[in-house]
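Visitor: The following block contains the structure, expressed as structure tokens.
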Amino acid sequence: EDGSQLWLRYTRVPANEAALRTVACRVNDPVAYMAVEELQHYWRRGDVTLVIDKSWSGQQTGGYAIQSRRNKTVISAGSSAGLLYGAYHLLRLQQLQTDIQGLNIVEKPSYALRMLNHWDNLDGTVERGYAGHSLWKWSELPQKISPRYREYARANASVGINAVVLNNVNAAPLILRSDYLGKVKALADIFRPYGIKVFLSINFSSPKLLGQLRDSDPFNPEVVKWWEKKAAEIYGLIPDFGGFLVKANSEGQPGPQDYGRTHAEGANMLASALKPFRGLVMWRAFVYNPSAEDRAKQAYQEFVPLDGKFSDNVIVQIKNGPIDFQPREPFNPLFGAMPKTNQMVEFQITQEYLGFSNHLVYLAPLFKETLDAQTYTRPLHATVAGITQHGPYPQLSAIAGVANIGADRNWCGHHFAQANWYAFGRLAWNAALSSSSIAKEWLSATFSPDPDLVDPLSDLMIASREAAVNYMMPLGLHHLFAFEHHYGPEPWGDMPGGRPDWMPWYYHNADSIAVGFDRTSSGSNAVAQYHSPLREQFANIATCPESYLLWFHRVPWTYRMKNGRSLWDNLCYSYQQGVDQVRHFQQVWDSVEGKIDAQRFKGVQSKLKVQARDAVWWRDACLLYFQTFAKMPLPADLERPVHELDDLKKIKLNLKHHN
Ligand code: BDP
């Protein structure tokens, strides 16, 4: 039980049983064939018929219906992909031991494109990957095909993921060289029967770096021609290629601004090269410069003036929050602020800032917090989910998650990190699902449907994200992590001459009086980027949710919070609560011993020990450090620190090769 089977722990139907039922399907293509094969191998509850029904809406994106008719179950869909998703739905019902009499299910995906973004490098490393090396063996491809490629595609299809970006957004130009495209084609061929399209991250300077052109100016006709030829070459190999993901003029990556052109001009040049083939451009809005302006405001300032200037096959890909995948951020105010532009959310499934693959942090509540956030920008569809599902070009709706998958046997490093892959897929399919229903499904499929296991563990999962916020960065604190590895705490972090917007002090602003980032009109005024009434709500310290307090306000240590205690005391209790929660998780986990195989039980048990130690490390580091400013005592009933601040400051982890 090494976790390699993920949530796909179906048991094969024995031949004599299989002979007693039929799986009928007249559709003849590789995707439908896959649906039939899965049901033939694993479905043990009667006859099934799969039919394409052209009247079925949502054809493009894989919707389906499942109905019980007399003694059989009928899956109907507008496309073969829909049949495949219907087949996985049935198998899920079987895993959950659901009654299949009288089924009348209709499913339509929330988003047309449900994508994983791999941050995998061509040398086999993964930028922010914590589950071993990259899954893609570039040096072996296309000759040698690892069986894991197929398993990976199957796992994605089982939760409805239908698009993958294979390589890092910090993209090597090499990915577009002809031999690499041959490797990409090999992967695309494996993924196709699972309904998955391949996309690539591209380096904006490819024409110069790979094509030896003078420059990569999007207005240079030779550059335009280069991209057109490249697009034709790609589509010659991969007729259903999805398109490009682009990180431009961000963190040192090249882009159109190098030539005085805008993001829209750069994106549109690529978009027109892909247009004849119906390809898409996902253009990232993750841009910020070391300027006097609050980093949290910069993407909005850069992109809002470009609204209406992007081609119809461009989607602007926006991180959930305005900074960078922190344990908690308010939603990015760009959502809803560009009504004439397609927007998509980018979540991080890999836990760069949430304890890597060591901490059990179930991310569905974080994803939901953003998706459900009310932006107040439109009369209709004003949540982030609504805005990204109902853009100006509805066929383009998309959502992306930065993958947490690597070459480890259990794919994600931590057995429970698999739940984040699963939950991302399920929410991309249906953004209205609840975090707890997804947790229950996943636990049932991955471990067992026994309620004595599912109930306590789903509670644990639901609490785990708030626990991480508590022991890392409660009350709106953010960016307190160590510069080098992003794993542990370093609120004191500083580097003479380093970029201020990479330093924790830039964000926490602690001194003897107060702590926090003033983003009201007396400070950076980032609140103004939110639509009324949110703007006023965030701007007023009395109405700002306390979970975002230090995000929007610089608050005196002695400030009285809603519970009557001082800010300092609240900070202390929050950190302690995080520690207590993790210790409680350990107890809950021990209580399911025997209900789970020993191998996975021990694996998770020992990861929880690491998490408990790390929670204490975070608490001590942050409280002892902030105490040097607040100069207030720890509340008398609080557990005492077990570290010296000076010792914590000396910890130099080399986690670059933490894998
Ligand atoms: C940050 C990561 C960095 C990525 C960057 C991005 O630390 O490795 O390259 O985001 O999203 O979170 O481009």
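The values are calculated or read from the model by the stated rules, or taken from the named source; none is laboratory data. All values reported here derive from a predicted model rather than from experimental measurement. So basically every Cβ, Gly included, is an ideal-geometry build from the backbone, and we count neighbours across all protein chains shown.
Visitor: Are there any pairs, at least 6 apart or on different chains, whose C-beta atoms fall under 6 Å, with the first in the stretch 119-132 and in the same structural domain as Asn168 (by TED's automatic domain parsing) and under 14 Å from Asp408 (Cβ atoms) and the second of a type in the set (D, E, K, R) and more than 10 Å from the ligand (Cβ to nearest atom), and if so, which?
Guide: Between residues of the stretch 119-132 that are in the same structural domain as Asn168 (by TED's automatic domain parsing) and under 14 Å from Asp408 (Cβ atoms) and residues that are of a type in the set (D, E, K, R) and more than 10 Å from the ligand (Cβ to nearest atom), the close pairs are Val126/Asp120; Ala131/Asp408; Gly132/Asp408.
Visitor: Restricting to the stretch 387-396, and then to whatever is surrounded by 21 or more Cβ atoms within 10 Å (Cβ to Cβ) and over 15 Å from Val281 (Cβ atoms), can you tell me which residue is farthest from the chain's Cα centre (by Cα)?
Guide: Of everything passing the filter in the stretch 387-396, Ile387 is farthest from the chain's Cα centre (by Cα).
Visitor: Note down all Cβ pairs under 6 Å where the first residue falls in the stretch 399-426 and is at positive phi, the second is assigned to a loop (DSSP other than H, G, I, E, B) and buried (at least 24 other Cβ atoms within 10 Å of the Cβ), and they're at least six residues apart or on different chains.
Guide: Listed pairs, sorted by first residue: Trp411/Ile405; Gly413/Ala131; Gly413/Ser357.
Visitor: I've got another one for you. List pairs: first residue in the stretch 311-324 and in contact (Cβ under 8 Å) with a residue 60 or more places away in the chain, second residue of a type in the set (Lys, Arg) and within 14 Å of the ligand (Cβ to nearest atom) anywhere in the structure, Cβ distance under 7 angstrom, at least six positions apart or on different chains.
Guide: Close Cβ pairs satisfying both conditions: Gln317/Arg284; Ile323/Arg295.
Visitor: Which members of the stretch 1-51 meet the condition of being assigned to a loop (DSSP other than H, G, I, E, B) and aliphatic (A, V, I, L, M)?
Guide: Listed by number, the residues that qualify are Leu6, Leu8, Val13, Ala19, Leu20, Val27.
Visitor: Output the number of the condition that Tyr530 fails; it satisfies all remaining conditions of (1) over 28 Å from Val610 (Cα atoms); (2) free of Cβ contacts under 8 Å to residues at least 60 places away in the same chain; (3) buried (at least 16 other Cβ atoms within 10 Å of the Cβ).
Guide: The failed condition is (2).
Visitor: Only one of these conditions is not met by Phe325: (1) out of contact with any helix residue (DSSP H, G or I) (no Cβ under 6 Å at 6 or more places or on another chain); (2) more than 16 Å from the ligand (Cβ to nearest atom). Which number is it?
Guide: For Phe325, the failing item is (2).
Visitor: Taking into account only those residues within the stretch 402-418 that are within 10 Å of Ile349 (Cβ to Cβ) and away from the ligand (no atom under 16 Å from the Cβ), which is farthest from the chain's Cα centre (by Cα)?
Guide: Cys412
Visitor: With the stretch 421-508 as the region, which helices (runs of 4 or more DSSP H) entirely inside it contain at least 2 residues that are within 17 Å of the chain's Cα centre (by Cα)?
Guide: 435-446, 451-472
Visitor: Next question, about the same structure. Taking Asp620, is it in contact (Cβ under 8 Å) with a residue 12 or more places away in the chain, farther than 30 Å from Thr383 by Cβ, part of a helix (DSSP H, G or I) and touching a strand residue (DSSP E or B) at 6+ places or on another chain (Cβ under 9 Å)?
Guide: Taking the combined requirement at face value, the residue satisfies it.
Visitor: Which one is farthest from the ligand (Cβ to nearest atom) among residues in the stretch 160-176 that are in contact with a strand residue (DSSP E or B) (Cβ under 9 Å, 6 or more places away or on another chain) and in a helix (DSSP H, G or I)?
Guide: By that ranking, first place goes to Leu176.
Visitor: What is the residue count in the stretch 296-321 for residues that are of a type in the set (Lys, Arg) and either within 16 Å of the ligand (Cβ to nearest atom) or out of contact with any Ser or Thr (no Cβ under 9 Å at 6 or more places or on another chain) (or both)?
Guide: The total comes to 1.
Visitor: Right, something else. For the stretch 291-310, what are the residues that are surrounded by fewer than 18 Cβ atoms within 10 Å (Cβ to Cβ), within 26 Å of the chain's Cα centre (by Cα) and under 10 Å from Thr341 (Cα atoms)?
Guide: Of everything in the stretch 291-310, those that are surrounded by fewer than 18 Cβ atoms within 10 Å (Cβ to Cβ), within 26 Å of the chain's Cα centre (by Cα) and under 10 Å from Thr341 (Cα atoms) turn out to be Val304, Asp307.
Visitor: Considering the stretch 23-44 alone, what residues qualify as being surrounded by 14 or more Cβ atoms within 10 Å (Cβ to Cβ) and modelled with pLDDT under 95?
Guide: Val27, Arg44
Visitor: Among all residue pairs at least 6 apart or on different chains, which show Cβ distances below 8 Å where the first residue, located in the stretch 638-659, is surrounded by 11 or more Cβ atoms within 10 Å (Cβ to Cβ) and the second is charged (D, E, K, R) and modelled with pLDDT of 95 or more?
Guide: Pro641/Arg619; Pro641/Asp620; His643/Asp620; Leu645/Asp620; Leu648/Asp620
Visitor: Suppose the filter is outside any strand (DSSP E or B) and either under 22 Å from Ala400 (Cα atoms) or of a type in the set (Phe, Trp, Tyr) (or both); does Asp179 pass it?
Guide: Against the criterion (outside any strand (DSSP E or B) and either under 22 Å from Ala400 (Cα atoms) or of a type in the set (Phe, Trp, Tyr) (or both)), Asp179 does not qualify.
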